[in-house]
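First up is the structure itself, then whatever we jot down about it.
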Amino acid sequence: MFKIYLQTFSIAFLVSVLLTPIIMKLAIKANMFDRVNERKVHTRPTPRLGGLAIFLGFMIAVIYILPINRQLMGILIGSSLIFILGFVDDIVDLPAKFKFVCQFIAAFILVAFGVTVEPVGSGFLSFKPLVILFTVIWVVGVTNAVNLIDGLDGLASGFSAIAALTLFVIAIPYRVVVAIMAMAILGSVIGFLPYNFSPAKIFVGDGGATFLGFMLATLAMIGTLKKAATLSLILPIMILAVPVLDTLFAIFRRYKGKRPIFQADKDHLHHRLMKLGLSDRLTVLIIYSISACLGAISIILTRLDFFPSIIIIVIIALVLWVAAKRVGLFGIEEKSHPNPPE
């Protein structure tokens, strides 16, 4: 089996690493740049559309290695729709409502091809309509969450590599197909990352970020070991905690501040860390480290009994809660008094 994993990684890596400079030159020729504005962190126009290399690396590796069955067909069709939608959005700026509708269609494609959260016991996730609802909300939510953290050079792509590696290790003993797809993501992202890490020569773009989010959501949903209902729900959240929690905090902040939920701001985790005086590169490395630690803990949890796992999860939740509060992810910073006392 190791040979298949190595072959998958190698194909995805080679396609991505060879195509990225070509796509970069084509994007520059076509004037496809991510322009600088007050909400962006980068300081010079940078070509986007780099996600095409990741998408093609993944697709070529998976189609070459795996026999196409019904569920895999659903994953390939749904993820292709997500990528095409994001790729077009990188070029022409599609309306937000249209993008959401298409994302829900892609999630329902997964459901139609039998790719859902596995029914758990006799609880609420054994009721088919709730299984479908949970699947669609999870996939659409994570798809957008990974896109939202794509605010610094190499952040979304590097996080995706860490998450894919975590999913690969968890899936090896139980879900070979999931492990192969995780390895295809890892290879294609590693091939792209040298061009994307600070200072980035090319961006992953909405096409690449949403594709990675869709695939990670899908693999986390079907690839984590089901030991108990609680763990089967928590493990995917743990593996993808950085974008998922960052998005939830953003929704809470905007609701608390009586702002539109989908209004962009500069209070995401990477923004808050940079406001503490960290460089963009150090911020990315810190978020990598957080993701790697949570990934390692997720792997450990699959090998522990239920009650030790719950204790660890509670401790991790408390640590994340305190850290988020200290960084300022819960709310808008208080404004200075207009006439401070002398």
Inset, instruction - Starting from residues that are assigned to a loop (DSSP other than H, G, I, E, B) and among the polar types (S, T, N, Q), keep the ones in the range 39-72 and report whichever is modelled with the lowest pLDDT. - result: Thr43
Inset, instruction - May I ask you to list the residues in the range 192-209 that are assigned to a loop (DSSP other than H, G, I, E, B), within 19 Å of Phe87 (Cβ to Cβ) and in contact with a Lys or Arg (Cβ under 8 Å, 6 or more places away or on another chain)? - result: Ile202, Phe203, Val204
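Kindly indicate which of Ile170, Ile132 is among the hydrophobic types (A, V, I, L, M, F, W, C), more than 20 Å from Val284 (Cα to Cα) and without any contact (Cβ under 8 Å) to a residue 40 or more places away in the chain. Spell out how you get there, then give the answer.
Details: Ile170 fails: without any contact (Cβ under 8 Å) to a residue 40 or more places away in the chain.
Just one listed residue meets the conditions, Ile132.
Can you name every residue in the range 237-285 that is part of a helix (DSSP H, G or I), in contact with a His (Cβ under 9 Å, 6 or more places away or on another chain) and not aromatic (Phe, Trp, Tyr)? Break it down stepwise before answering.
The first filter runs over the range 237-285 and keeps only residues part of a helix (DSSP H, G or I), leaving 237-239, 241-256, 269-275, 280-285.
Narrowing further to those that are in contact with a His (Cβ under 9 Å, 6 or more places away or on another chain): 246-247, 249-250, 280, 283-284.
Of everything in the range 237-285, those that are part of a helix (DSSP H, G or I), in contact with a His (Cβ under 9 Å, 6 or more places away or on another chain) and not aromatic (Phe, Trp, Tyr) turn out to be Asp246, Thr247, Ala250, Asp280, Thr283, Val284.
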Legend entry - Cβ-Cβ under 9 Å pairs, at least 6 apart or on other chains, the range 105-118 side touching a residue at least 12 places away in the same chain (Cβ under 8 Å) and over 13 Å from Leu76 (Cα atoms), far side in a helix (DSSP H, G or I) and among the aromatic types (Phe, Trp, Tyr): Thr116/Phe134; Val117/Phe134; Val117/Trp138
Legend entry - Selection count where residues are polar (S, T, N, Q) and in a helix (DSSP H, G or I), scope the range 16-35: 2
Inset, instruction - Only residues that are basic (Lys, Arg) and out of contact with any helix residue (DSSP H, G or I) (no Cβ under 6 Å at 6 or more places or on another chain): list them for the range 42-84, please. - result: Arg44, Arg70
Inset, instruction - Go through the residues of the range 73-95 one by one and say whether even a single one is modelled with pLDDT of 95 or more and loosely packed, with under 14 Cβ neighbours inside 10 Å. - result: no
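Per-residue answers, yes or no, for (1) closer than 17 Å to Phe2 by Cβ; (2) buried (at least 23 other Cβ atoms within 10 Å of the Cβ); (3) in contact with a Phe, Trp or Tyr (Cβ under 9 Å, 6 or more places away or on another chain); (4) basic (Lys, Arg):
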position	(1), (2), (3), (4)
Thr166	no, yes, no, no
Val177	yes, no, no, no
Leu186	yes, yes, yes, no
Ile190	no, no, yes, no
Pro194	no, no, no, no
Inset, instruction - Sort through Asp246, Asp267 and tell me the only one that's acidic (Asp, Glu), within 20 Å of Cys293 (Cα to Cα) and touching a residue at least 12 places away in the same chain (Cβ under 8 Å). - result: Asp246
Inset, instruction - Scan the range 230-262 residue by residue and report those that are touching a helix residue (DSSP H, G or I) at 6+ places or on another chain (Cβ under 6 Å) and either polar (S, T, N, Q) or within 21 Å of Ala200 (Cβ to Cβ) (or both). - result: Val242, Pro243, Asp246, Thr247
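Given the criteria touching a residue at least 12 places away in the same chain (Cβ under 8 Å), closer than 23 Å to Val178 by Cβ and of a type in the set (A, V, I, L, M, F, W, C), does Leu276 qualify?
Details: touching a residue at least 12 places away in the same chain (Cβ under 8 Å): yes; closer than 23 Å to Val178 by Cβ: no; of a type in the set (A, V, I, L, M, F, W, C): yes.
It is false that Leu276 is touching a residue at least 12 places away in the same chain (Cβ under 8 Å), closer than 23 Å to Val178 by Cβ and of a type in the set (A, V, I, L, M, F, W, C).
The values are calculated or read from the model by the stated rules, or taken from the named source; none is laboratory data. This one's a predicted model, so the numbers in the text were calculated from it and none came from an experiment. Backbone-built Cβ (ideal geometry, glycine too); neighbour counts: all protein chains shown.
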